[in-house]
Amino acid sequence: MALIKSISGIRGTIGGHVGEGLTPLDVVKFTAAFGYWLRQRNPDRNTVVIGRDGRLSGEMVSRLVVGTLQGLGLNVLDLGLSTTPTVEMAVTGEAAAGGIILTASHNPIQWNALKLLNEAGEFISGQDGNEVLALAESGAVEFAEVRKLGTYRQDSASDGTWLQKHIDLILALPLVDRDAIAARKFRVVVDAVNSTGGLAVPMLLNALGVEQITKLHCEPTGVFAHNPEPLPENLRDIIKEMEKEQADLGIVVDPDVDRLALICEDGTPFGEEYTLVAVADYVLKHNPGNTVSNLSSTVALREITQKYGGQHFASAVGEVNVVEMMRAKDAVIGGEGNGGVIYPDLHYGRDALVGIALFLSHLARFGKSASMLRRTYPNYYISKNKIELTPDIDVDQVLAQIQARYAKNPINAVDGVKIEFGNEWVHLRKSNTEPIIRIYSESDTLATADHLANKIIGDIREVVSGK
């Protein structure tokens, strides 16, 4: 069992012993600490927005969260089955104190998490997270007396659900070209891995004028049809379906719809890294400026940014870090190479829905196929690898020794260790969401990227073994 506390929230496996997984007692403990922290931070705001993805444990966790927040005297607006970006937008739209998204994002079915949002609808900072964790461990949380318990209400279709409001706001963006999209008569296949993207993505596509939509794994049962991380090995089903339907595009989202992967009409992945590259190309063409991505993202974004006269900046991994740098550098577009698009004209959060709308607008105006659009971008390959951690491994010491081995190379130690080899790089860091070390490498061929990664993996094994 596992319980991980980081800038990505409180994430763990369901079941097991208290403190060793995301048990009901752990859910209440951390929800209480966060809710109490929100009350102290924003005493004039009394609403907390919650929403969940479709995973099996979601309803159980949701009930625990709702009761705990009410016990603190906080009013709960429950969006039910929703998406991470929708909850983020609802927080600001409702002038709420904050929000909680019940999702473990790309993690497998046995995981769930509490993703914590501040009053801006953005993930809380590392410093804020430490304050919440300290409250949780101290138990210094005061609950409300009986006459001051919080209220509960569900998102209402009669008032327009927040998912509908989210989609309406996307369609109102100047760069979203519904007419061009509708005119292309795209045939699209959607794989939503049996989570809430199965509700949200077809709803968006209909609003954009896409009439030929094939739904694959779109029932939000929470029984994931495949590993939910949109990596090439998990895209076989949609590629077969696209061939059958002679589709123009395949759209794959993770369980909480903040990551977007695309499949070209010929069955080749557009490349998760290139979701952001393509969307940035479209945005920068109409609104030149700066961009931000994290240290593990492709250098292709830097090249696209420079083409339009802007500057590219690299942040530490983690949405909160990307957003912080986007604000500091006044970036017009940014995100992460895992298919996470952040478009500030809508909101500061990874959002697969706005990514779909902008990409389809770009593809429609481009006038040719998705594979031809992909070939217009610089070609780089990222090799993504990981090493499972055991309790006896001192990760910080391992990273320090690797850094020492490559002291003659340019190194960025802002987040783990990133080593540059000319135009190539390797980035190794401890994951925020899983008990692993991630090793990402990039080169102009996959074989070279794999070779670089394997060399560093070999170095890590030597360090761990004491050789």
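The values are calculated or read from the model by the stated rules, or taken from the named source; none is laboratory data. Since we're looking at a predicted model, the values are computed, not measured. Ideal geometry is used to build each Cβ from the backbone, glycine not excepted, and the neighbour counts take in all protein chains shown.
Yes or no, residue by residue, for (1) modelled with pLDDT of 95 or more; (2) more than 28 Å from residue 430 (Cβ to Cβ); (3) under 15 Å from the mean Cα position of the chain (by Cα):
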| site | (1), (2), (3) |
| --- | --- |
| 267 | yes, yes, no |
| 283 | yes, yes, no |
| 286 | yes, yes, no |
| 296 | no, no, yes |
| 309 | yes, yes, no |
| 330 | yes, yes, no |
| 349 | yes, no, yes |
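Going by the conditions given, is residue 317 hydrophobic (A, V, I, L, M, F, W, C), crowded, with 22+ Cβ neighbours inside 10 Å and part of a strand (DSSP E or B)?
Judged against the criteria, residue 317 is not a match.
Residue-by-condition table, conditions (1) among the charged types (D, E, K, R); (2) touching a residue at least 60 places away in the same chain (Cβ under 8 Å):
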{"site": "318", "(1), (2)": "no, yes"}
{"site": "322", "(1), (2)": "no, no"}
{"site": "348", "(1), (2)": "no, yes"}
{"site": "381", "(1), (2)": "no, yes"}
{"site": "393", "(1), (2)": "no, yes"}
{"site": "408", "(1), (2)": "yes, no"}
{"site": "411", "(1), (2)": "no, no"}
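Tally up the residues in the range 297-311 that are of a type outside the set (Ser, Thr, Tyr) and either touching a His at 6+ places or on another chain (Cβ under 9 Å) or not assigned by TED's automatic domain parsing to the domain that holds residue 271 (or both), please.
Qualifying residue count for the region: 6.
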Next item on the list: Being within 19 Å of residue 239 (Cα to Cα) and among the aromatic types (Phe, Trp, Tyr) is the filter here, so list the residues in the range 255-302 that pass it.
Entry: 270, 274
Note to self: Take residue 227 and tell me if it is in the same structural domain as residue 363 (by TED's automatic domain parsing), of a type outside the set (Lys, Arg) and surrounded by fewer than 19 Cβ atoms within 10 Å (Cβ to Cβ).
What the structure shows: yes
Notebook entry, point to check: Pairs under 6 Å by beta carbon, first residue free of Cβ contacts under 8 Å to residues at least 12 places away in the same chain and surrounded by 15 or more Cβ atoms within 10 Å (Cβ to Cβ) in the range 366-378, partner part of a helix (DSSP H, G or I) and hydrophobic (A, V, I, L, M, F, W, C), six or more apart or different chains?
Noted result: 366/373
Check: Taking only pairs six or more apart or across chains, which ones have beta-carbon atoms under 8 Å, a first residue in the range 50-62 that is assigned by TED's automatic domain parsing to the domain that holds residue 82, and a second residue that is part of a helix (DSSP H, G or I) and surrounded by fewer than 23 Cβ atoms within 10 Å (Cβ to Cβ)?
Finding: 50/62; 50/66; 52/59; 52/62; 60/24
Notebook entry, point to check: With respect to residue 85, is the statement that it is farther than 30 Å from residue 252 by Cβ and out of contact with any Cys (no Cβ under 7 Å at 6 or more places or on another chain) true?
Noted result: no
Check: For the range 7-31, how many residues are surrounded by fewer than 20 Cβ atoms within 10 Å (Cβ to Cβ) and either among the aromatic types (Phe, Trp, Tyr) or not assigned by TED's automatic domain parsing to the domain that holds residue 73 (or both)?
Finding: 0
Item checked: Pick from the range 230-246, criterion surrounded by 24 or more Cβ atoms within 10 Å (Cβ to Cβ) and either more than 19 Å from the chain's Cα centre (by Cα) or among the β-branched types (Val, Ile, Thr) (or both), ranking: nearest to residue 106 (Cα to Cα) -> 238
Next item on the list: Could you please find all residues in the range 343-373 being β-branched (Val, Ile, Thr) and in contact with a Phe, Trp or Tyr (Cβ under 6 Å, 6 or more places away or on another chain)?
Entry: 354
Next item on the list: Go through 291, 305 for me and flag whichever is touching a helix residue (DSSP H, G or I) at 6+ places or on another chain (Cβ under 6 Å), surrounded by 24 or more Cβ atoms within 10 Å (Cβ to Cβ) and modelled with pLDDT of 95 or more.
Entry: 291
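Please determine, by comparing only the residues of the range 436-455 that are among the aliphatic types (A, V, I, L, M) and out of contact with any helix residue (DSSP H, G or I) (no Cβ under 7 Å at 6 or more places or on another chain), which one is farthest from residue 423 (Cα to Cα).
436
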